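So the structure is just underneath, and the comments pick up after that.
All of the numbers you see were taken from the coordinates with simple rules; none came from a lab. Bear in mind that the values here come from a model prediction, so they are computed numbers and not experimental data. So basically every Cβ, Gly included, is an ideal-geometry build from the backbone, and we count neighbours across all protein chains shown.
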Amino acid sequence: MVVDDDEAIRRVIRTYLQMRRFSHFGAGNALEALQVLVHENIDLVISDIEMRGVSGIDLMQQVRSKYPLVSFIIMTGYAPEYSYEDIIAVGASDFIAKPFSMGELNAKILRISREKNIIGQLQQSLNRVNELLENTVGALGSTLEKRDPYTAGHQKRVGHLACAIAQEIGLSAEKIEGLRIAAFVHDIGKISVPTDVLAKPGKLSKAEMDLIRVHSQNGYDILKNIAFPWPIAEIVLQHHERLNGSGYPQGLIGQEILFEAKIIGVADVIEAMSSHRPYRPALDLSMGMKEIYQNKNVLYDEKIVDACIRLLTEKDYNFEI
């Protein structure tokens, strides 16, 4: 799309684009350009910088907030007033000073097109890697659940609650994705615990409890060599650590514990207390909330506890998946 309040310039550029067989649209100002973007799939905007009303820079920033994949070539007849570095710094893909040749403009369009193709190929590769990681996580989780039917679905329920807490707090989408994967495998270390211990209906002995407690370290050992883009193994290792150092396996305190591990720790307590276990029936959800509230700032992070309680009491969070 060509955006310029000079109709003659728009016509010249659009005629050239038509000769090059580019699909194209024109707009005389930023408002018209935004209306075109609502209805048309635009890959590239070639915009003048100085226009009546909204400038090309302001237009670019508005468009990028809604359509982050749209590229911009900023053109201006006032090149001395704008440095190339400044234009690129605010988000433009390229900059061209009037008067310019159509060959120069074409070269810039082709370069941007090649870069988009490369980015698209990289995104496809990343999607394949993410799919592989997702399948790996799913296989690990399924393996554990087949050994321990009493905790079937536990990791997924903890993952859903942990992600809801993270969204309530305002964590970035990137961090939430890493949190989700870590939560879905947080108990994978229990795969090394004997089934008769996992499913024992009575109270566990100290030796049996020690076997259970090793699952965090075992989980870390299983996951540490998988090249996740997040510290998944470390989160799994720390999900039973507590603020006051009373947790395991390392006895970490406060800021030594990853924030994602703190979130999983709270979600894990709520889910475990409200679900059936071999040694007791499910407890009322209020018991879990009482546990985390009474130990806020002692065992559990205040911000995480408050977000969790808001979800469960004010926002109708559905604990069933």
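Key figures
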| quantity | calculated |
| --- | --- |
| Cα long-axis angle, helix 102-147 against the chain (0 to 90 degrees, to the nearest 10) | 10 degrees |
| Cα shape, the range 1-138, gyration tensor, a/c 1.5 rule | prolate |
| Ranked by how many other beta carbons lie within 10 Å on average, peptides 180-192, 222-234, 43-55 from highest | 180-192, 43-55, 222-234 |
| Cut-off under 5 Å, modelled amide H: who pairs with ARG242 long-range | GLY247, TYR248, LEU252 |
| Nearest-ten-degree value, helix 259-273 long axis tilted from longest Cα axis of the chain | 50 degrees |
| Dipole-positive endmost among VAL214, ILE309, ASN295 within the chain (Cβ charges, Cα centre) | VAL214 |
| Dipole magnitude of the range 211-321, debye to nearest 20 (Cβ charges: Lys/Arg +1, Asp/Glu -1, about Cα centre) | 220 debye |
| Once the Cα gyration tensor of the chain is diagonalised, semi-axes √(5λ) in Å | 56, 21, 17 |
| For PHE95, distant residues with modelled amide H under 5 Å away | ILE74 |
| Set LYS206/LYS262; LYS66/LYS156; LYS156/LYS262; LYS203/LYS315; LYS224/LYS296; LYS190/LYS262 screened for pairs whose C-alpha atoms are more than 27 Å apart | LYS66/LYS156; LYS203/LYS315; LYS224/LYS296 |
| Net charge dipole size for the chain [Lys, Arg +1 and Asp, Glu -1 on Cβ; Debye, nearest 20] | 860 debye |
